[in-house]
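A quick write-up on the structure given underneath.
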Amino acid sequence: MKQRTQHKAGNLRRTLRSLGVLLCAAVVSACSKSEDSRFPPYDNTAEVQAYWKSKPEFFQWKTLADLPADLKWESGANVPEFGDPRAKKGGTFHDWHLSYPPTFRNFGPDGGNAFRAEHHDNIEISLVMRHPDEDAWIPGLAKEWAISKDRKTVYYRLHDNLTYSDGKPVVVEDFFMTFFVMTSPHIKDPWYNDWYTKEYAAIAKYDERTLSITLPEPKPDPLWYADVPTSPQSFFRELGPDFPARYQWRITPVTGAYAIDPALLKRGRSITLSRVKDWWARDLKHFRYINNVDFIEYKIIASPDKAFEMFRQGQIDYYLAGLPRYWYDKTEIPEIYHGYIERHKFYNEYPQVTWGIRINESKPPLDNLDVRLGINYAMNFEKVIEVDFRGDKTRMNTTESGFGKFTNPSIRARPYDPVKARECFAKAGYTIPGPDGILKNAEGKRISFTLTTFNSSTITPVMLRLKEEAKKAGLEMNIEGLDGTQMYKKLDQKKHELAFAGFGARPPYPRFWDDFHSSNAFKIGKDGKREIVTDTNNMTQTADPALDPIIDRHRLAQTEDEVQKLSWELSQLIHERASVIPAWESTFYRYLSWRWIQWPKNGNARKSREPLDSHMFWIDEDIKRETKEAMREDKDFGEVTRVFDAYQRNK
C-alpha cells in the first residue's frame, strides 16, 4: 500500500518500494548531514527572504495587538487522555519491512514510498491532532488554538519548548519555510506544488510563539486544512535545482519521538529509529504513555514467509496477520498453543485501503468504456474473497469506502459475470474467439493486457486466480510481478496498463482531485502537445472535462452537506467510468505478537489503520524474561486470542 502525504490519500501509503542496494557507505554515512561533499555548496537564504517579501499579502508579520479580541482559545483540556498508564519505557522493538526505501525524503520523486509512514507520517507531530479515540482535537505542536468567526483563519499558540530531533528549536518562520519548500519546482512534486499554491491564503506571525494560517474560503472544519507542517530552515537551506539527488538520503529532523538513527543504518538490511533524547513532549498529556520503546528496528525481508519464520524464532516481535494463511494455517504451532505468541483481532473505524485494479485510460483500447466495463465483469473478486480470504474480507464497492456519511451507499461493485463481460467486449469489436478462447477483433488483435502487481507470495496467487477466471470471459491477463519499488515507479510514470495496488486514505473526507482530476493526468508541453504528468496519484489517467468542475467544487466545499452531496455524485460518476475495480475491504485488523509486547486495555486506537500507527505498545522486560524461561522449561501459559469488538459495526 502506498502513502502520499498527510493531505493525500496518503494517501497515500504507497507500499513496498525498495532500493537497489548499490549504495556506497559514503552515501549512507552522509544521509543525516546538512552538507554533502558530492554537491557544491548552496545557500538559499537570500532566495527565501526574497520569496517572502515578494508576497506581502501572504507572508505577514504582525503583533499580538493585531489578534482579534473575541477569539475563543481551546486546549482540549477536558478530552480524555490517550494511552495506557501501565506502559513501560525502554527496549528495542523488532519489526520488518519488505524492501529498503528508494529515498529518505518524504516528498519529491519516490517520496511517497511505503517506508515513509514509519519515519514520517506516524512520527511527525502536527499543530493540532485528532484524538485517536474521541471525535475531538487535542494539542500537538500548538498548546492552544482558536478559529475565526468566518471559519477561514486558525490561530495557534505553540508550546514553549519545541525542538526538532537534532536539538534545534522550532520557530514560527519554519512554518513560513514550508511554503517556500512546497511550492518550489525543484522538489519535483506537482501535488504539493498545487496544494500549497491553492489551498492557503496567508500565514502570519504575531510573536515567537503565535501564528495564524488563513484559508481562501471557509471549510466545514478548518482545523483539518490549516494544519501546515514545519520545514526546518537550516535543514532546507540547500534546497535548489538538484534537490531530489542532494536530499535523497538526508534524514529530515522531526518533531516526533523517533528519528532514523544514521549510526544504526545497515544499508539494504535494516533501518533503526531511535527515540529522541529529551523529547519536548515526553511528559505531556496524550504523549507520556505512548512512544514507549527506545529503538524500533525494521529488518528488510523480501519474503513474508521468511519474515514469519523469523517472527516465530523471536527475531521479530510482531506480525500483521491479515491473510488467512498467517492467521489460521501458520499459527498451528507450539508457540501459539503454549501462549508465547498471542493473537489479536481489533475492530477499527478508519477509511479503507483502496485495494483494487487501476485501468490506465491513456493506453488504447483501455480508453474504450466498453473494454473497461468488460474487464470489470471479468474480475472474480468474489471467488478470491471466498477461497483465498476464506470469507474474512468483504467486497469493496467503492474506493471511497469507510468515510461514513460521505460514502455513497447506493454504489455496488460490478459482480463477476463472464456473459456480461463478453457482451461489453463485443460492443468494442472483440467477437472472435481464438484457439485458446481469448477474444480478438476483426483485425486479429487479441483483448490482452498486462496486470502489474507485487511480486509477492501473498498477492501473486490472487492475481493468478483472477487471470484464470478472466479467461472464461475471453480476456487474457499477463501477470507482471515486480519488486515494490519497480512497481510503483512504473505506476508513477503511468507506463502500466492494469495495476493492482492499495492506497491509503485519511479522514475526514474522500479526496477526488488527487486521483481523478485531469491536471494530474496531462499537461500541455512547450511544443503545444499534450504530455503525461508523472508522479501523481491519477493512476487511471482520468481526464474528463465534465468531471473536473465537480471535483473543483468538492475541493472548495464549505459545508459537510455540500461535501456529502458532491462526494456521492463524484463516486457515482467515477463508478460509471469503470476505470477502478474495487477489490476487498475489512472492518478489522489482525496481528500476532510475542506476549512481552503489551497493548492498551482497549486493544488499540479506534481510529487506527494498523496496530503500530499510534505507538501505544510497550515492551515488558519482566514478561520477556518469564517467557524465555518458560520456553526453556516447556511451561504452558495457555493459548490466547484477544478480540476487541467495541467498535464493531453491525454486531
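The values are calculated or read from the model by the stated rules, or taken from the named source; none is laboratory data. Everything numeric here is computed off the predicted structure, so don't read it as measured data. Glycine also receives a Cβ, built like all others from the backbone with ideal geometry; neighbour counts cover every protein chain displayed.
Listed values, structure above:
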item	result
Where L566 falls short, out of the listed (1) buried (at least 20 other Cβ atoms within 10 Å of the Cβ); (2) outside the structural domain of Q313 (by TED's automatic domain parsing); (3) out of contact with any His (no Cβ under 7 Å at 6 or more places or on another chain)	(3)
Answer residue from region 523-549, given it is of a type in the set (V, I, T) and without any contact (Cβ under 8 Å) to a residue 60 or more places away in the chain and is farthest from S579 (Cα to Cα) among those	I524
Region 276-288 residues that are within 16 Å of V79 (Cβ to Cβ), paired with ones that are of a type in the set (D, E) (beta carbon under 7 Å, 6 or more apart)	K285/E81; H286/E81
Sole residue being more than 29 Å from R422 (Cα to Cα) and under 15 Å from the mean Cα position of the chain (by Cα), chosen from F512, F503	F503
Pick from region 127-165, criterion among the basic types (K, R) and more than 26 Å from the chain's Cα centre (by Cα), ranking: farthest from A201 (Cα to Cα)	K143
Count of region 377-426 residues which are more than 20 Å from R577 (Cβ to Cβ) and among the β-branched types (V, I, T)	5
Some residue of region 626-644 being under 26 Å from G322 (Cβ atoms) and touching a helix residue (DSSP H, G or I) at 6+ places or on another chain (Cβ under 6 Å)	yes
Qualifying residue in region 363-372 (condition: within 27 Å of the chain's Cα centre (by Cα), of a type in the set (S, T, N, Q) and either part of a loop (DSSP other than H, G, I, E, B) or more than 30 Å from N520 (Cβ to Cβ) (or both))	no
Matching option when the condition is over 30 Å from E585 (Cα atoms), part of a loop (DSSP other than H, G, I, E, B) and of a type in the set (F, W, Y), among Y430, Y416	Y430
Boolean, T452 is within 21 Å of D535 (Cβ to Cβ), among the hydroxyl-bearing types (S, T, Y) and in contact with a helix residue (DSSP H, G or I) (Cβ under 8 Å, 6 or more places away or on another chain)	yes
Options I447, I432; residue that is aliphatic (A, V, I, L, M) and over 30 Å from I532 (Cα atoms)	I432
Residue count for region 416-425, restricted to those that are of a type in the set (A, V, I, L, M) and either more than 10 Å from G474 (Cβ to Cβ) or without any contact (Cβ under 8 Å) to a residue 12 or more places away in the chain (or both)	1
Residue that is nearest to the chain's Cα centre (by Cα) [pool: residues in region 300-327 that are in a loop (DSSP other than H, G, I, E, B), surrounded by fewer than 21 Cβ atoms within 10 Å (Cβ to Cβ) and modelled with pLDDT of 95 or more]	Q315
Sole exception among (1) surrounded by fewer than 15 Cβ atoms within 10 Å (Cβ to Cβ); (2) modelled with pLDDT of 65 or more; (3) among the acidic types (D, E) for E35, by number	(2)
Residues of region 531-549 that turn out to be within 24 Å of P409 (Cα to Cα), surrounded by 17 or more Cβ atoms within 10 Å (Cβ to Cβ) and aliphatic (A, V, I, L, M), as a count	1
Positions within region 144-182 being among the charged types (D, E, K, R) and under 17 Å from G76 (Cβ atoms), in sequence order	E144, R157
Top-ranked residue of region 587-609 - restricted to ones that are over 29 Å from L223 (Cα atoms) and part of a loop (DSSP other than H, G, I, E, B), ranked as modelled with the lowest pLDDT	K601
Any hit, region 560-569, residues being in contact (Cβ under 8 Å) with a residue 60 or more places away in the chain and closer than 23 Å to F115 by Cβ	no
The listed residue being outside the structural domain of V533 (by TED's automatic domain parsing), surrounded by fewer than 21 Cβ atoms within 10 Å (Cβ to Cβ), modelled with pLDDT of 95 or more and not in a loop (DSSP other than H, G, I, E, B), out of E335, E382, E386	E335
Residues of region 147-162 classified as surrounded by fewer than 17 Cβ atoms within 10 Å (Cβ to Cβ) and under 22 Å from K285 (Cβ atoms), total	2
Residue in region 554-574 that is in a helix (DSSP H, G or I), in contact with a strand residue (DSSP E or B) (Cβ under 9 Å, 6 or more places away or on another chain) and closer than 22 Å to A413 by Cβ present	yes
Qualifying positions in region 74-100 - surrounded by 17 or more Cβ atoms within 10 Å (Cβ to Cβ), of a type in the set (D, E, K, R) and assigned to a loop (DSSP other than H, G, I, E, B)	D84
Selection from region 41-62 of residues that are of a type in the set (S, T, N, Q) and more than 16 Å from P232 (Cα to Cα)	S54, Q60
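Conditions (1) within 25 Å of the chain's Cα centre (by Cα); (2) in a loop (DSSP other than H, G, I, E, B); (3) at pLDDT below 95; (4) surrounded by 19 or more Cβ atoms within 10 Å (Cβ to Cβ), marked per residue:
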| position | (1), (2), (3), (4) |
| --- | --- |
| G167 | no, yes, no, no |
| D194 | yes, no, yes, no |
| A204 | no, no, no, yes |
| P216 | no, yes, no, no |
